[in-house]
Amino acid sequence: MYIAESLPSSAVASGEQGAATSQVSRKQLHTVWGRFALNDCEGNADHQFGRSVNSLFYGDNVTSASPAKLSLLDLFCCAGGAGKGYSQSGFDVVGVDIRPQPRYPFPFVQADALSLDPEFIASFDTVHASPPCQSYSDLAKLNGNADKWPRLIEPVREMLIRSGLPYVIENVEGAPLLNPVTLCGTMFPPLRVLRHRLFEANFAILPPPHKKHPRVHTHDRRKSHFGKTDEWTDYVQVTGGGNCTVAAAREAMGIDWMTKGEINESIPPAYTEYIGWELRRYISFLRLPHACDKALASRAAGILPVLI
Ligand SMILES: C[S@@+](CC[C@H](N)C(=O)[O-])C[C@H]1O[C@@H](n2cnc3c(N)ncnc32)[C@H](O)[C@@H]1O
Ligand SMILES: [Zn+2]
């Protein structure tokens with residue numbers, strides 16, 4: 001397994017079941033890894049939104065060339081909203097965060113994402129990164145204190161491009177992402193959350209159709225619809241301001257293991273599950289014989305917008 005030989009010397013641990021972060025040997029990690037082994041997802045590659053954009057670009061047969069296991073490095077992983085979605089689309093996920101993440105549900109490395117050994121990064125099939133969003137948020141811009149937080153998107157992008165891997169960078173509206181797609185809870189029933197998140201990738205992602213935003217539950221007495229909504233049936237917004245209870249936030253976002261602080265930071269797993277299926281098709285395509293010729297032909301025909 002790729003990870004055996006290439007782990008950095010930083011702490012490696014499983015965050016499973018709230019266990020405290022601890023040092024484990026590479027051998028132990030194999031055990032951890034084995035416990036998280038995912039089922040082969042061959043034959044299950046069509047997500048609920050119908051034929052995917054990567055099927056259209058690369059053909060339907062690419063998944064038959066897909067290896068059973070693909071590995072994904074989940075940078076700035078926090079408690080694993082993004083990681084969980086990739087796992088649901090068949091990736092073996094390893095998370096990296098600068099802070100301990102005792103509830104992260106997959107193998108975990110505590111480290112500065114920008115100081116990782118390039119060989120370690122390159123040992124994965126693909127990388128997702130969710131750098132901190134505070135400096136790009138509307139609130140920080142409004143308060144004029146955006147400079148208080150690091151702006152990591154550009155150095156992260158440079159690092160991911162250097163890796164040569166397919167990558168995804170996720171952030172909030174207003175962040176300097178390149179040609180991002182926006183995902184929203186309305187695209188993924190039964191989610192009931194209004195939460196726009198931007199995704200930059202060096203492969204094609206076609207978002208599901210966006211629906212008109214419904215009325216959102218509120219605890220704010222000043223709102224005209226205060227008292228007329230129900231957090232268990234209406235849409236919610238999950239913010240630090242406390243627009244709904246943590247139990248309702250968990251149900252609305254499809255997350256059942258996080259604290260309120262963690263869920264405020266996270267994205268619904270459904271978003272990255274959707275991207276994960278596209279990513280699998282893309283990686284499978286790259287592994288087909290003559291993939292480059294086919295890609296160049298598609299690009300020449302004007303039907304392949306992004307290709308690494
Ligand atoms: C917005 S959260 C990520 C949320 C996550 N994608 C999810 O869906 O649950 C950003 C995370 O980046 C971590 N972080 C900040 N600076 C970091 C760095 N230099 N290296 C690694 N992690 C870092 C923070 O501790 C925080 O957990
Ligand atoms: Zn929306």
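The values are calculated or read from the model by the stated rules, or taken from the named source; none is laboratory data. Remember, predicted model here, so these are calculated numbers, not experimental data. Heads up, the Cβs are rebuilt from the backbone with ideal geometry, glycines too, and the neighbour counts pull from every protein chain shown.
Some points to look at:
- Looking at region 80-168, the helices (runs of 4 or more DSSP H) lying wholly inside it that each contain 3 or more residues that are free of Cβ contacts under 8 Å to residues at least 60 places away in the same chain sit at 118-122, 138-143, 153-163.
- Meets criteria (in contact with a strand residue (DSSP E or B) (Cβ under 6 Å, 6 or more places away or on another chain), surrounded by 22 or more Cβ atoms within 10 Å (Cβ to Cβ) and at pLDDT 90 or above) for Ala270: no
- Here the condition is being away from ligand 2 (no atom under 16 Å from the Cβ), acidic (Asp, Glu) and under 10 Å from the mean Cα position of the chain (by Cα); of Asp125, Asp112, Asp74, it holds for Asp74 alone.
- Selection of region 193-226 for residues being out of contact with any Ser or Thr (no Cβ under 8 Å at 6 or more places or on another chain), touching a residue at least 40 places away in the same chain (Cβ under 8 Å), more than 16 Å from ligand 1 (Cβ to nearest atom) and not small (Gly, Ala, Ser) yields Asn202, Phe203, Ile205, Pro208.
- Answer residue from region 178-228, given it is within 16 Å of ligand 2 (Cβ to nearest atom) and charged (D, E, K, R) and is modelled with the highest pLDDT among those: Arg197
- Complete set of residues in region 142-200 that are loosely packed, with under 12 Cβ neighbours inside 10 Å and over 24 Å from Leu73 (Cα atoms): Leu142, Asn143, Gly144, Asp147, Lys148, Pro189, Pro190
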